[in-house]
Structures are given as C-alpha cells and as structure tokens.
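Computed from the coordinates by the stated procedures, all read-outs in this text should not be read as laboratory data. Because the structure is a prediction, the values reported are computed rather than measured. A quick note on method: Cβ atoms are made from the backbone with ideal geometry, for glycine too, and the neighbour counts reach across all protein chains shown.
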Amino acid sequence: MDICRIGLIGAGNVGRRHAQVLGSFPDVHLAGITDVVPEAAAALARDVGCRPFPGTGELLSAGLDAVYVCVPPFAHGAPEAVVLSAGVPLFVEKPLAATAETAERVGVQVAAAGVLTAVGHHWRYLKVVERARRLLDGRAVRLVGGTWLDKVPPVGWWPVRDRLRRSAFLLRCAWAIALMRYRS
Ligand SMILES: NC(=O)c1ccc[n+]([C@@H]2O[C@H](COP(=O)([O-])OP(=O)(O)OC[C@H]3O[C@@H](n4cnc5c(N)ncnc54)[C@H](O)[C@@H]3O)[C@@H](O)[C@H]2O)c1
C-alpha cells in the first residue's frame, strides 16, 4: 500500500481534529507537527504518536507528500510560501487569509508551484448542498439568506477585531460566501 506522508502546521483545535482523523487512515502517516508554540506541537505530537518539529523548514525535511496548514486567519501567508516553494501539495483551513492581498499572493504561489491544493470548505460535500445545486441549476438567484447559530469557539483570537483579525465576521462569512459561489 502506498503511504501518504503528511505534516501538520498548527497544533490548535482544528489541527488536533485533523491529526486524529488522518491517524485513522491506514494509508496515511502523520510524519510531524510544528507550531509557533513549541509546547503545543509537542503535546499534540505526543498524543497522536509523531514527532514535533521547531519550524516549517524542519518539518519539510521529514520528507512529506503533503502539508496541512491549520493556523488562525492572520497567520496565513508565510507557512504556505515555505511549503509551496518546496513544491509540496497543501491543504489549508478556511479562511484562506485575513486579507485579500495575502490570499491572492498565495494563489500566485500555488499557480507557480503547480501542486495539488485544497481548502477546508467541507460543507460543499453535504448532500443538501448537492441538492440545492441541482435545484438551482440554470436559474438566476435573486436573494440569498443565511443565519449562523453556534457557540463561540474556544480560541483567544476570536473576539479580536483589528484590521487583520476580523475573526467572527470573516470566519462565518467565509463559509456562506464560499457556498454561494459554489452554486454558480
Ligand atoms: N473547516 C472547519 O470546519 C473549521 C472549523 C473550525 C476552525 N477552522 C479554521 O481553522 C483555523 C484554526 O482554528 P483553531 O480553532 O485550530 O485555532 P487555534 O488557535 O486553536 O489553533 C491555531 C494554532 O496555530 C498556531 N499558529 C499560529 N501561527 C502559526 C504559524 N505561523 N505557524 C505555525 N503555527 C501557528 C497557534 O499557536 C495555534 O496552536 C482557523 O482559521 C479556523 O477558521 C475550520
């Protein structure tokens, strides 16, 4: 069986979820984890049975087939640049970045690297979304409404609303806007 070697950047809530799911696939080997907080990388690596690395460069030296980038919105850009310049495919958690400039810069780097990439917009794969796409196919949409009902995520950066960290609005709207664009 071919084994896919994956590295993880960002050992927070979502990084942990991905690490646990990846660890349950027989054809995936989680090769290592890095985080700007070394203790976070070490704790998650210990829990899922892999190695912590001090940085993205060192993580890549483990010989990876792909990297998962699970950092907060304001931290995107630098990790992707390092991974893409090494020509390694990447999965990135939504939203792509806190600013359009960063997202577009990463887009240019993705095109130059020519590698496979994906974003964590997994709602696209819901049956109800498939159904809505079929029903709306060929029809002009005139109004879209949406309501988000959820609890506040347990992350310190969530309520911070400066220019680079408009977390609540950005994170929730990223879902809604991505779904609206997906149907068209
Ligand atoms: N697809 C989904 O369903 C889903 C659900 C929740 C959150 N998310 C997204 O996942 C991302 C992470 O959310 P979270 O709840 O795990 O946040 P978190 O704060 O719990 O974890 C983020 C981790 O990234 C680390 N980090 C920050 N900058 C870094 C860098 N430059 N290099 C390496 N590590 C760095 C932090 O130290 C932290 O451990 C957010 O963008 C969020 O929108 C996606």
Margin query: For the chain, what does the relative contact order come out to in percent, with C-alpha contacts under 8 Å and a separation of six or more?
Written below: 17 percent
Notebook entry, point to check: For segment 4-119, with the dipole built from +1 on Lys and Arg beta-carbon atoms and -1 on Asp and Glu ones, taken about the Cα centre, which of 28, 41, 114 lies farthest toward the positive end?
Noted result: 28
Notebook entry, point to check: Given springs between every Cα pair under 10 Å in a Gaussian network model of the chain, which of 65, 47, 150 has the largest fluctuation?
Noted result: 150
Note to self: Report the Cα-based extents of the chain along its three principal axes, largest first, to the nearest Å.
What the structure shows: 50, 41, 32
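Please compute the net charge surrounding residue 3, taking Lys and Arg as +1 and Asp and Glu as -1 over other residues with Cβ under 15 Å from its Cβ.
-2
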Check: When the chain is modelled as a GNM with alpha-carbon springs shorter than 10 Å, which of 143, 59, 126 fluctuates the most?
Finding: 143
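Using just the helices of the chain, give the 222 nm mean residue ellipticity in deg cm²/dmol: DSSP H runs with n ≥ 4 each add -39,500 (n - 2.57), and the total is spread over all residues, rounded to 500.
The helix contribution divided over the chain gives -12500 deg cm²/dmol.
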Item checked: Unit charges on C-beta of K, R, D, E only; dipole of the chain, Debye -> 1040 debye
